[in-house]
Amino acid sequence: MKAINSTTTNRKPLPITILQFGEGNFLRGFADWMIDKINSDGLTAHGVAVVQPIEQGISDLLNQQDGLYHVTLQGIKNGQPVKENRLISCIQTALNPYKEYNAYENLILSPDLKLILSNTTEAGIRYDDQDDLYACPPKTFPAKVTALLYKRFKKFGGNANSGLSIICCELIEDNGSTLRSYVLAHAKRENLGVSFIQWVTNCCYFYDTLVDRIVPGFPSDSIHEIKEELGYDDNLVVKGEYFHLWAIAGDPQIKELLPFHRAGLNVVFTDNIHPIRTRKVRILNGSHTAMASLALQLNCLSVREAISHPLIRSYIRKMVFGEIIPVIPENQEQLCDYASQILERFYNPYINHYLKDIALNSLSKWETRNYPTVKDYYDKYKKIAPLSAFSLASLLVLYSGKSRISFQPNDAADAVHFIRSTFNPDTPGLWIKNILEKRSVWSNDFTAIPGFIEQVGTAAANILTHGPEQELYRIIE
């Protein structure tokens, strides 16, 4: 079988105009797939340089394949099965800035560079006032962006044309605006100067976005068949669903830089992303996060397996239609139609979306995706949303190390250590209280919702005593 590289595919080199922080499955199966589409349609000639946001990553593997890989999409369109295999050729190189800082700096200072694209997960966009902007590189993503923008500002003398567009795909509210505020905070803290702050404000464009495509990633269960079909020994195949949506809010000049709409892609350029974001994050992502910790304890492996389980299916439907939708201030009929479409996507017979992958960084995901429903439900009804509270209890039991399955969380190490080291089977309510009042773990003050901590504690105690299946059966009856 042929190796996959620039020789075996006759890939033409492209100028590097996009610096992409994140080499994971989602960006490669979503954003890079779209960039490749507009390149092949002759609308653009964007080359992408991928940067590992953390020290561990797959930049070496990407470079072994010269940045080349396939995206294979399967799903249902207009009631008919659809499939697409596409060779993605827009990635020109991949870098680990912790080992290749000089090469990274050269990309930062390139006059060809136009755009920064990122997906550093919900935990990636955070402000650390102790981060060193002069480290090679800084630790956090906002500090990295501040440092690279400052280097460009100095290199090009503050020329307006040297500014960059920054598109964030992290699933936090106002992702681009939040990153911008952190960049400006770093600039002020380090006294980088009024002229630099004005340049960032006036010449750099930060976009708020909402992304939607289920991308399980590497299809390990069927990779041999896929390689045979592709004719290449591709070890970076990304599998995803056919459905896609990208909503982008900000300065309209982005439509010229990334003319996705001219390639027939489902990209919405808008002034107000909040309604689109709210329904997607709460209904789709909120369901995923609530489902994952619970279904794993019931020995389910994938989303399709979980939603096919009668108890989990009933639980998710009741949570979505009884707690999430009623507190979203949009047309309820349209929201119900949207939710029904989401639940149908969960049954996609061609996609194995593994729950262990969804469970990555679940603590910050739960706050982003599920806590807003808890808060809005209390504000509207003056009571706790029981199924949403149950989802947090299930998550913390899973993280405790004492659930009915063996599970090692892939999350903030300090938070996981605190959850596990303070576990006491004799006083689960106190254990939950200590966790939920630990402000270094959470961004929100859960004591602001009367009775919430107590309800999560009771649910956790019942799960530990009776098991998740029996407790789930009880709460959905």
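Using only helices, what value at 222 nm comes out for the chain when you add -39,500 (n - 2.57) per DSSP H run of length 4 or more and divide by the total residues, to the nearest 500 deg cm²/dmol?
Details: 23 runs with 212 residues, N = 477.
Helices in the chain give a 222 nm mean residue ellipticity of -12500 deg cm²/dmol.
Hydrodynamic estimate: the Kirkwood radius of the range 75-144 over Cα pairs, inserted into Stokes-Einstein at 37 °C and 0.692 mPa s, corresponds to D of 211 µm²/s. Rounded to the nearest 0.05, what FRET efficiency do GLN332 and TYR134 give with R0 = 56 Å and r taken as the Cβ-Cβ distance? Could you check? It comes out at approximately 0.60.
Return the ratio Rg/(2.2 N^0.38 Å) for the chain, where Rg is computed over Cα atoms only. Each step should come with its number before you reach the end.
On the way: Rg = 22.7 Å, N = 477, 2.2 N^0.38 = 22.9 Å.
Relative to the rule-of-thumb radius for its length, the chain sits at 0.99.
Which whole-number percent of Cα pairs in the range 2-270 have a distance greater than 35 Å? Result for the distance tail: 14 percent.
Could you please rank GLU323, GLU229, placing first whichever residue has the fewest other Cβ atoms within 10 Å of its Cβ? Spell out each step's value before the answer.
Details: GLU323 24, GLU229 13.
By the 10 Å Cβ count, ascending, the order reads GLU229, GLU323.
For the range 274-476, calculate the relative contact order in percent as a whole number, restricting contacts to Cα pairs under 8 Å that are 6 or more residues apart.
The value is 25 percent.
So which lysines pass the test for LYS99, namely a Cα distance under 28 Å, with those fewer than 8 places away in the same chain ruled out? By straight Cα distance, LYS99 reaches LYS12, LYS114, LYS139, LYS144, LYS151, LYS154, LYS155.
Under the criterion of Cα pairs below 8 Å and six or more residues apart, the relative contact order for the range 392-437 equals 31 percent.
What's the exposure ranking of ARG86, ARG345, going from fewest to most Cβ atoms within 10 Å? Can you show the working numbers first?
Values: ARG86 16, ARG345 21.
Neighbour counts put them in this order, fewest first: ARG86, ARG345.
Let me know the shape class of the range 274-476, please: from the alpha-carbon gyration tensor, a ≥ b ≥ c as square roots of the eigenvalues, rounded when a/c is under 1.5, otherwise prolate if a/b is greater than b/c, or oblate. Since a/c reaches 1.5 but b/c is at least a/b, the shape of the range 274-476 is classed as oblate. Look at the alpha carbon pairs under 8 Å that are at least 6 residues apart: their mean separation over the length of the range 196-313 gives a relative contact order of 23 percent.
None of the figures in this text is laboratory data; all of them are computed from the coordinates on show. Since this is a predicted model, take the numbers as computed values, not measurements. Virtual Cβ from ideal backbone geometry, glycine too; neighbours counted across all protein chains shown.
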